Amino acid sequence: MKKTSIILFFITSIILCSCEKENIDNPNIPEISTENSNTEINPKWLTYCNSFKGRVNFRQSIGLNNSIPTAPTGTFILENCPNGNGSCFQVLQRTVRNGENFNFYVLGVDFNDLDTFRVKLYPNDTNQTSTDFTFMYLGPQFGTERNLGARNVELGQAVYNNLSFDFPGVCNDNTGVQH
C-alpha cells in the first residue's frame, strides 16, 4: 500500500509539474512600468498622459494638531474607474517611501481629463507606532500636482475615491509631441 501511495504521488507530481499555466492575452490589462525618483528620468515617457508624480506621508495623530511619521514605506495601488467606483481595475502597484517624491507611468494606457481613479494605500508598519492616516499629493507629470489631503487608515488601508486630474493638452492630442 505504501509503495502504491508513493507511485501515485510521484505520477501526480509529474502531471502537475508538466501542466503549463495558460497565458491569457487580455488587451485590457496594461503593462506596468515604474520610474524611481533617484534614477535618471527618461524624457520619452514624460510626454504621455499616463505619467504621474506624487508623494505620500504616513502619520499618526498626537493631540489635536500634531502628528508624527509612522510607516517608512507602503504599497500604492492606482485603479482606473471608467464608470465610477464599481468599475475600477488596477493599473499599477508599487512601493512608496514616506515623504519621498515618486514618478510612474503605465504603458499601453492613455489617460485624459474625463478619467476617474481610485488610490489605495497600505502602510507597512514596522515599528510600535501604527499609522492612523495618510496624506497624499498626486498629479500628472506635466501638470498640477494636487493636494489630496488626509485619509484615515481603516482595515489596513486608506482609500482616495473619485480622483480626477487636469492633464495638459500635450497629452490629450495623443501625438507624443510637445507643443
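The values are calculated or read from the model by the stated rules, or taken from the named source; none is laboratory data. Values in this document were obtained by computation on a predicted structure and should not be read as measured data. Positions of Cβ are backbone-derived with ideal geometry, glycine not excepted, and every protein chain shown enters the neighbour counts. Each accessible area value is taken on the protein alone, full model and side chains, heavy atoms only, with ligands, DNA and RNA left out. Shrake-Rupley method; radii C 1.70, N 1.55, O 1.52, S 1.80 Å.
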Does Ser67 satisfy the criteria of being of a type in the set (Gly, Ala, Ser), over 16 Å from the mean Cα position of the chain (by Cα) and either modelled with pLDDT of 90 or more or open to solvent by less than 70 Å² (accessible area, probe 1.4 Å) (or both)?
yes
List every residue pair whose Cβ atoms sit under 9 Å apart, with the two residues 6 or more apart in sequence or on different chains, where the first one lies in the stretch 150-163 and is aliphatic (A, V, I, L, M) and the second, anywhere, is open to solvent by 70 Å² or more (accessible area, probe 1.4 Å).
Val153/Tyr122; Ala158/Tyr122; Ala158/Arg151; Ala158/Asn152; Val159/Arg151; Leu163/Arg146
Looking at (1) touching a strand residue (DSSP E or B) at 6+ places or on another chain (Cβ under 6 Å); (2) surrounded by 15 or more Cβ atoms within 10 Å (Cβ to Cβ), find the lone condition where Gly143 falls short.
(1)
Of (1) open to solvent by 40 Å² or more (accessible area, probe 1.4 Å); (2) assigned to a strand (DSSP E or B), Gln128 satisfies every one except (2)
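Give the residue, chosen from Glu20, Glu40, Glu35, Glu31, that is at pLDDT below 60 and in contact with a helix residue (DSSP H, G or I) (Cβ under 8 Å, 6 or more places away or on another chain). Step through it out loud before you land on a result.
Working: Glu20 fails: in contact with a helix residue (DSSP H, G or I) (Cβ under 8 Å, 6 or more places away or on another chain); Glu40 fails: in contact with a helix residue (DSSP H, G or I) (Cβ under 8 Å, 6 or more places away or on another chain); Glu31 fails: in contact with a helix residue (DSSP H, G or I) (Cβ under 8 Å, 6 or more places away or on another chain).
From the options Glu20, Glu40, Glu35, Glu31, the qualifying one is Glu35.
Does Phe104 meet the test of being buried (at least 17 other Cβ atoms within 10 Å of the Cβ) and at pLDDT below 85?
Details: buried (at least 17 other Cβ atoms within 10 Å of the Cβ): yes; at pLDDT below 85: no.
Judged against the criteria, Phe104 is not a match.
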Residue match in the stretch 165-177 (condition: of a type outside the set (A, V, I, L, M, F, W, C), at pLDDT 90 or above and either in a loop (DSSP other than H, G, I, E, B) or open to solvent by 30 Å² or more (accessible area, probe 1.4 Å) (or both))
no
Out of all the residues in the stretch 111-125, is one or more at pLDDT 95 or above, under 18 Å from Ser164 (Cα atoms), in contact with a helix residue (DSSP H, G or I) (Cβ under 9 Å, 6 or more places away or on another chain) and in a strand (DSSP E or B)?
yes
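Which count do you get for residues in the stretch 70-94 that are among the hydroxyl-bearing types (Ser, Thr, Tyr), touching a residue at least 24 places away in the same chain (Cβ under 8 Å) and surrounded by fewer than 20 Cβ atoms within 10 Å (Cβ to Cβ)? Working first, answer last.
Quick first cut of the stretch 70-94, residues among the hydroxyl-bearing types (Ser, Thr, Tyr) only: 70, 73, 75, 87.
Of the ones still in play, those that are also touching a residue at least 24 places away in the same chain (Cβ under 8 Å) are 70, 73, 75.
Now drop any that are not surrounded by fewer than 20 Cβ atoms within 10 Å (Cβ to Cβ), which leaves 73, 75.
Residues flagged as among the hydroxyl-bearing types (Ser, Thr, Tyr), touching a residue at least 24 places away in the same chain (Cβ under 8 Å) and surrounded by fewer than 20 Cβ atoms within 10 Å (Cβ to Cβ) within the stretch 70-94 amount to 2.
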